[in-house]
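Here's the structure we're looking at; comments come further down.
The values are calculated or read from the model by the stated rules, or taken from the named source; none is laboratory data. Keep in mind that what you see is a predicted model, and the values were worked out from it rather than measured. Ideal geometry is used to build each Cβ from the backbone, glycine not excepted, and the neighbour counts take in all protein chains shown.
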């Protein structure tokens, strides 16, 4: 007799329900979120002496990794789908962990044919996916800290923002650590400033003189109370930024190393405008397991570059897709934007979309939709991207359309 397992997972424990093919609950129990709990679950499932598929409202955690390593088929159920399914037999809206785990098991019993078991790429790709995610998070933190530093400096140390070409360069950070107030900076001698700038790769005499004259020639208004308070915040922000930049650089190097050594890496580096950041991110999205995506439409829907169409009777609406992997959408639309300067057909497609009245970001999503088809085909065949080959295909397709018309 077939059996099905549902897991309602939490941070410190997991509720398990097992049902048979007629929908009767044959076992229920709770395990702790540790190795002993995982083995208890595995041993219980093995006691039925049949293969038991497992449903859970998650895609990647330690429990799922353990179950897949043990050889179980694990199905990731969208929480929204599970919530709608529970309404079929729980009209009153009662909610307990036991009810949730039972609903997942029963959902697998009735609708398993609508889902696919989780498929993972190689360990290297999974590592790359994590690195890309952490890179994006740290970059957001870095941008946030840079904005905070700009705000603090504009309040008590505005001249520091005008000395260099950018307010987020390392030379400015080191300047703030060494001369954290305008009073300290104004007292510095030309020789000391020259030494400091040359140590930070500013060696041209006319530039050093320009910076020195700017410091000495401007009498910025400064309050001692501001210097004594905001200087602590500025130094703290700079120290955090320097630590972040070092970690971001290390993560970036690891991303590049994995992508350049992977057999599929050259495909993504061949894409116009991909570069050293987007190529690893695109590889992490696609992976190296060809069972993960069966068609380009799956990637388009999951990443949110494909819209949602709602039809009923004579009405039809095309809406923006909110339920998606937003990190994937950001990667694909960013790549579409970067391709504009490197791919003539991409630039032409974007310009035509804008001429039709589409907004900038909407046009990028449409272009990302097109690029996803190309990337999927290259990923399947293992071929490198060729702008000339793709342009000829577009011309041939246009001629065929004209013949049909």
Those residues of segment 7-29 that are part of a strand (DSSP E or B) and out of contact with any helix residue (DSSP H, G or I) (no Cβ under 8 Å at 6 or more places or on another chain) come to a total of 2
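Every residue, every condition in (1) in contact with a strand residue (DSSP E or B) (Cβ under 7 Å, 6 or more places away or on another chain); (2) surrounded by 19 or more Cβ atoms within 10 Å (Cβ to Cβ); (3) at pLDDT below 90; (4) not in a strand (DSSP E or B), yes or no:
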{"position": "1", "(1), (2), (3), (4)": "yes, no, yes, yes"}
{"position": "5", "(1), (2), (3), (4)": "yes, yes, no, no"}
{"position": "36", "(1), (2), (3), (4)": "no, no, no, yes"}
{"position": "49", "(1), (2), (3), (4)": "no, no, yes, yes"}
Exactly one of 100, 141, 111 is more than 27 Å from residue 23 (Cα to Cα) and touching a helix residue (DSSP H, G or I) at 6+ places or on another chain (Cβ under 9 Å), and that one is 141
For segment 36-70, which positions are without any contact (Cβ under 8 Å) to a residue 24 or more places away in the chain and farther than 17 Å from residue 120 by Cα? 36, 39, 40, 43, 46, 47, 49, 51
When residues of segment 130-149 are filtered for being under 21 Å from residue 227 (Cα atoms) and surrounded by 14 or more Cβ atoms within 10 Å (Cβ to Cβ), how many remain? 4
From the list 168, 200, which residue is surrounded by 14 or more Cβ atoms within 10 Å (Cβ to Cβ) and over 20 Å from residue 145 (Cβ atoms)? 200
Across segment 259-275, what is the total count of residues that are surrounded by 18 or more Cβ atoms within 10 Å (Cβ to Cβ) and within 17 Å of the chain's Cα centre (by Cα)? 3
Inside segment 110-207, counting only helices (runs of 4 or more DSSP H) that do not spill past its ends, which hold 2 or more residues that are under 30 Å from residue 58 (Cβ atoms) and touching a residue at least 12 places away in the same chain (Cβ under 8 Å)? 123-156
